[in-house]
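Undergrad: My structure is below; once you've seen it, I'll send some questions.
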Amino acid sequence: MTEENRFPRREFPCDQCPIRADNRDNPDAKFSTDRWNAMSSTVRDPNTGRQPMPGDILFACHKGAPGTNADLACAGWLARFGADHVGIRLAVALGNLPRTALSPGDNWPPLHETWEDVVRAQTA
């Protein structure tokens, strides 16, 4: 079984990825404040330090897998915030996700530095 089959993920931020700093003005990267509040459970809580645990939701690519309805973990989210999710660290430890997924790859677009930056830039 390949790594991609064990942990479905996008390997490069899609053209609508809200984690991309260069998507600040892309209307397809915007979500409502309520949606961002719900998605905030996918990252470390800045007030309490609580990290998402195994079984907690992941930030999925809203485009999904090409040609299917399958969910994929967002490449930008994995690279910027994935290491703060205990379930993601467990997937790396079990060999289901390569450690390289937790950092931007070569020739990647710039990513927002903090979750607050993402929400501020992408709130519709």
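The values are calculated or read from the model by the stated rules, or taken from the named source; none is laboratory data. Everything numeric in this text was worked out from a predicted model, so none of it was measured. When we count neighbours, we look across all protein chains shown, and the Cβ atoms used for this are built from the backbone with ideal geometry, even at glycine.
Undergrad: Is region 15-32 home to any residue that is surrounded by fewer than 14 Cβ atoms within 10 Å (Cβ to Cβ), of a type in the set (Gly, Ala, Ser) and either under 13 Å from Leu102 (Cα atoms) or more than 13 Å from the chain's Cα centre (by Cα) (or both)?
TA: Within region 15-32, one or more residues are surrounded by fewer than 14 Cβ atoms within 10 Å (Cβ to Cβ), of a type in the set (Gly, Ala, Ser) and either under 13 Å from Leu102 (Cα atoms) or more than 13 Å from the chain's Cα centre (by Cα) (or both).
Every residue, every condition in (1) more than 16 Å from Thr123 (Cβ to Cβ); (2) touching a Lys or Arg at 6+ places or on another chain (Cβ under 7 Å); (3) among the hydroxyl-bearing types (Ser, Thr, Tyr), yes or no:
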{"residue": "Pro27", "(1), (2), (3)": "no, no, no"}
{"residue": "Thr33", "(1), (2), (3)": "no, no, yes"}
{"residue": "Ser41", "(1), (2), (3)": "yes, no, yes"}
{"residue": "Asn47", "(1), (2), (3)": "yes, no, no"}
{"residue": "Gly55", "(1), (2), (3)": "yes, no, no"}
{"residue": "Phe59", "(1), (2), (3)": "no, no, no"}
{"residue": "Lys63", "(1), (2), (3)": "yes, no, no"}
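Undergrad: Next up: Please report, ordered by residue number, the helices (runs of 4 or more DSSP H) entirely within region 36-124 with at least 1 residues that are among the basic types (Lys, Arg), touching a His at 6+ places or on another chain (Cβ under 8 Å) and at pLDDT 95 or above.
TA: Helices (runs of 4 or more DSSP H) meeting the threshold: 75-81.
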